[in-house]
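K.L.:
This is the structure I want to talk about, given as C-alpha cells.
The values are calculated or read from the model by the stated rules, or taken from the named source; none is laboratory data. None of these values were measured; they are calculated from a predicted model. Positions of Cβ are backbone-derived with ideal geometry, glycine not excepted, and every protein chain shown enters the neighbour counts. We work out accessible area using only protein heavy atoms, side chains counted, and drop any ligands, DNA or RNA first. Shrake-Rupley method; radii C 1.70, N 1.55, O 1.52, S 1.80 Å.
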Amino acid sequence: MKRNSLSVENKIVQLSGAVKQPKLGFYSSLNQTHTHTVHLDWGSLPHHVVLRIFQYLPLLDWARASSVCRRWNEVFHILDLWRKFEFELNQSATSYFKSTHPDLIQQIIKKHSAHLQYVDSSVESAEAACGILSQLVNCSIQTLGLISTAKPSFMNVSESHFVSALTVVFINSKSLSSIKIEDTPVDDPSLKILVANNSDTLRLLKMSNCPHVSSDGILCVADHCQGLRELVLNYYILTDELLLALSSETHVNLEHLRIEVVSENPGQIKFHAIKKHSWDALIKHSPRVNVVMYFFLCEAEFEMFFKEETPVTHLYFGCSVSKVVLGQIGLNCPRLTELVVCANGLQPLDNELICVAEHCTNLTALGLSECEVSCSAFVEFVRLCGRRLTQLSIMEEVLIPDEDYSLDEIPTEVSKYLGRVWFPDVMLLW
C-alpha cells in the first residue's frame with residue numbers, strides 16, 4: 001500500500017433524516033438511517049495543521065510521524081519545525097515524554113543550528129542542561145528557558161561550570177530576545193557579556209532567585225538594552241537607584257515589572273523600603289507599566305510595605321497577610337487592577353474589601369481563598385465595583401452568612417450587580 005494513500009476507512013457515521021430521501025411516512029422516515037463510509041486521507045491535511053500536530057509530539061515521535069505519508073514527511077523537513085526544542089533527558093515518573101538521548105540532541109543541534117531559535121531545557125539534571133548549553137555554538141537563539149525544578153538544581157552546579165556554559169549562548173547568539181534563567185548561579189559579569197552581544201534585541205529578562213546578581217548587574221542591562229520591555233527580579237535587587245535608572249529618558253520603557261518578595265529565612269531578614277519619589281519617576285517615564293508583586297512572607301515581615309503610595313497593579317499574596325496591610329493597600333494602591341489573597345486567617349475582611357472597592361477604582365479582578373468575608377460586605381463590595389469586575393473568584397467557604405444574606409441568596413445578588421450569572425467556587429471533595 002502506498003504511504004500517501006493511507007486512509008481510515010472504518011469511520012462509520014450514522015446520518016439521520018437530514019439526508020434527502022423518498023417520503024416513506026412520518027414514523028418510517030424517523031427510524032430509517034443510512035450508513036456512509038468517510039475516507040479521511042491524512043495526506044490531504046494542510047501543512048500548517050500537520051505542523052501543529054508535530055508540535056504536540058515528543059521529539060522522538062517526530063521521526064515516526066514523518067512515516068505516515070509523503071506530506072507528513074515534507075513537514076518533518078520544514079525549518080519552522082526545527083526552530084524550537086524542548087529536551088527531556090531523564091524521564092520523570094510523572095511525565096509521559098520519553099527521554100532524549102544526548103547523542104541525538106548533539107546531532108540535532110549540529111544539523112539545525114543555523115535556524116534554531118528557541119531552547120527549553122526541561123530536564124531533571126542541571127548538569128545535563130549545562131552540557132546542552134555548551135553545544136549551542138553556532139545557533140542564533142532568540143528564546144532561552146531553563147526550568148528551575150531541575151534535580152540536582154542549577155544552584156548545586158559549579159558556578160564556573162554554569163557560567164561558562166551560559167556564556168557560550170550569550171556570545172554566539174546575537175539576537176536573544178527572551179531569557180528565563182531563574183534559580184541559577186548567573187552573575188553580574190555574565191550579564192555584561194549578555195548585553196555586549198544582545199543589547200539591540202533583548203526584550204524580556206526573567207531572573208528571580210539569582211543570588212549572585214546585584215542591582216549593578218541589572219543597571220548594566222538597563223544601560224544597554226533600551227528595547228527591554230519585561231523585567232522579572234527579586235525584591236532584594238530592587239533599589240531606588242535602579243528605579244531611577246529605569247526612569248531615565250535614555251533607558252527602557254518597561255511594560256511589565258514583576259517583583260517577587262520571598263523570605264528564605266522568615267523573621268531573620270528586614271526588608272528595605274522603596275521611596276515614593278522613585279516609584280513616581282518610574283510611572284512618569286512609563287505610565288502604562290504593569291507593576292506585579294508576588295508576596296510569600298509571614299505577617300510580621302510586611303512592616304515596610306504599602307505605608308506610602310505604591311503604583312502596583314497586580315498583587316498576589318501566597319501566604320497570610322494581615323488586615324492592617326490590606327487596609328493600607330486600599331488607601332495607597334490607586335493603580336491596583338488585580339488582587340489575590342490566598343490566606344488571611346479567621347479575621348473578617350469586611351472593611352478592608354470595601355476600602356479597596358472605594359479607592360482602587362481600576363480594580364477588575366479579585367480572588368479570595370482561606371479567609372472570611374460577611375455576605376453583606378461582599379455584596380456591598382460587588383455593588384461598588386459593578387460591572388468592571390471581569391474576574392471574580394471566591395471560594396464558597398470564604399462567605400459568612402449574616403442577618404441580611406444567606407449563602408443561597410448571594411449568587412442572585414452578585415449576578416445583579418455584575419450583569420452576568422455568577423456563582424462562588426466550590427472545593428471538590430474526592
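One line per residue, one yes/no per condition, for (1) over 21 Å from PRO334 (Cα atoms); (2) open to solvent by 90 Å² or more (accessible area, probe 1.4 Å); (3) modelled with pLDDT under 95:
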residue	(1), (2), (3)
LEU349	no, no, yes
LEU368	no, no, yes
CYS371	yes, no, yes
SER376	yes, no, no
LEU384	no, no, no
GLU396	yes, no, yes
LEU399	yes, no, yes
LEU407	yes, no, yes
LEU429	yes, yes, yes
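K.L.:
Residues in the range 253-277 that are surrounded by fewer than 20 Cβ atoms within 10 Å (Cβ to Cβ) and either small (Gly, Ala, Ser) or farther than 21 Å from LEU205 by Cα (or both): how many?
P.N.:
The total comes to 14.
K.L.:
State which residue is surrounded by the fewest Cβ atoms within 10 Å (Cβ to Cβ) when the search covers only the range 328-347 and only residues that are under 16 Å from ILE394 (Cα atoms) and among the hydrophobic types (A, V, I, L, M, F, W, C).
P.N.:
Top of the filtered list is LEU346.
K.L.:
Can I ask one more? Looking for whichever is on the phi > 0 side of the Ramachandran plot and of a type in the set (S, T, N, Q) here; the options are ASN198, ASN209. Which one fits? Lay out the reasoning, then the answer.
P.N.:
Numbers: ASN198 fails: on the phi > 0 side of the Ramachandran plot.
Criteria check complete, one pass: ASN209.
K.L.:
I'd like the full set of residues that are open to solvent by less than 50 Å² (accessible area, probe 1.4 Å) and either touching a Pro at 6+ places or on another chain (Cβ under 9 Å) or not in a loop (DSSP other than H, G, I, E, B) (or both), limited to the range 278-292. It would help to see each step written out before you state the result.
P.N.:
In the first step, residues of the range 278-292 are kept if they are open to solvent by less than 50 Å² (accessible area, probe 1.4 Å); the result is 278-279, 281-283, 285-286, 289-292.
Hits for the range 278-292 are SER278, TRP279, ALA281, LEU282, ILE283, HIS285, VAL289, ASN290, VAL291, VAL292.
A quick yes/no check of all residues on (1) within 21 Å of the chain's Cα centre (by Cα); (2) over 25 Å from VAL292 (Cβ atoms); (3) modelled with pLDDT of 85 or more; (4) open to solvent by 50 Å² or more (accessible area, probe 1.4 Å):
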residue	(1), (2), (3), (4)
SER175	no, yes, no, no
LYS180	yes, no, yes, yes
VAL186	no, no, yes, no
PRO189	no, yes, yes, yes
ALA196	no, yes, yes, yes
LEU205	yes, no, yes, no
CYS210	yes, no, yes, no
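K.L.:
Would you pick out the residues in the range 226-245 that are open to solvent by less than 70 Å² (accessible area, probe 1.4 Å) and in contact with a strand residue (DSSP E or B) (Cβ under 8 Å, 6 or more places away or on another chain)?
P.N.:
In the first step, residues of the range 226-245 are kept if they are open to solvent by less than 70 Å² (accessible area, probe 1.4 Å); the result is 227-228, 230-235, 237-240, 242-243, 245.
Result: LEU228, GLU230, LEU231, VAL232, LEU233, ASN234, TYR235, LEU238.
K.L.:
For LYS174, indicate whether it is without any contact (Cβ under 8 Å) to a residue 60 or more places away in the chain and touching a Gly at 6+ places or on another chain (Cβ under 6 Å). Working first, answer last.
P.N.:
Values: without any contact (Cβ under 8 Å) to a residue 60 or more places away in the chain: yes; touching a Gly at 6+ places or on another chain (Cβ under 6 Å): no.
Considered against the rule, which asks whether it is without any contact (Cβ under 8 Å) to a residue 60 or more places away in the chain and touching a Gly at 6+ places or on another chain (Cβ under 6 Å), LYS174 comes out as no.
K.L.:
THR250 is checked against (1) more than 19 Å from PHE317 (Cα to Cα); (2) more than 25 Å from the chain's Cα centre (by Cα); (3) open to solvent by less than 30 Å² (accessible area, probe 1.4 Å) and fails just one. What number does that condition carry?
P.N.:
With respect to (1) more than 19 Å from PHE317 (Cα to Cα); (2) more than 25 Å from the chain's Cα centre (by Cα); (3) open to solvent by less than 30 Å² (accessible area, probe 1.4 Å), THR250 is out only on (3).
K.L.:
Okay, next question. Condition first: modelled with pLDDT under 90, outside any helix (DSSP H, G or I) and not β-branched (Val, Ile, Thr). Can you find one or more residues in the range 234-244 that meet it?
P.N.:
no
K.L.:
Which residue pairs have Cβ atoms closer than 6 Å, lie 6 or more positions apart in sequence or on different chains, and pair a first residue in the range 215-243 that is closer than 17 Å to VAL262 by Cβ and of a type in the set (Phe, Trp, Tyr) with a second residue that is open to solvent by less than 10 Å² (accessible area, probe 1.4 Å) and not in a loop (DSSP other than H, G, I, E, B)?
P.N.:
TYR235/ILE259; TYR235/VAL261
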